Amino acid sequence: ADGHEEARLYGESPGDGVGGAGAFFLLLDEPEVYGLPPDPVVTTRDLPAMWRWAGAAAVSVMGAVALAFLGSSRRGERR
């Protein structure tokens, strides 16, 4: 009789996008009120793709720097 009908457990479901949070929170309002996303996801799931993009960018920058040095050294030879 003294309970809150609108209370909910946040993070207790293994199928909620994070595979269970290892903890859960008793919320008396919507998750957004507490600064929590309504549909939680694991942000680290995208890490492999992010590392591939970062690696590709690093290789591109190294290639551009190498071309810049090669171009400047060849211009110096012509003089």
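The values are calculated or read from the model by the stated rules, or taken from the named source; none is laboratory data. What you see is a predicted model; the values in this text were computed from it and never measured. Note: ideal-geometry Cβ built from the backbone for every residue, glycine included; neighbour counts use all protein chains shown. Accessible surface is based on the protein model in full, side chains and every heavy atom, while ligands, DNA and RNA are left aside. Shrake-Rupley method; radii C 1.70, N 1.55, O 1.52, S 1.80 Å.
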- In the range 30-74, which residue that is open to solvent by 70 Å² or more (accessible area, probe 1.4 Å) and either touching a Cys at 6+ places or on another chain (Cβ under 9 Å) or assigned to a loop (DSSP other than H, G, I, E, B) (or both) is modelled with the lowest pLDDT? V41
- Item | Breaking point among (1) among the charged types (D, E, K, R); (2) modelled with pLDDT of 90 or more; (3) part of a loop (DSSP other than H, G, I, E, B), for E5 | (2)
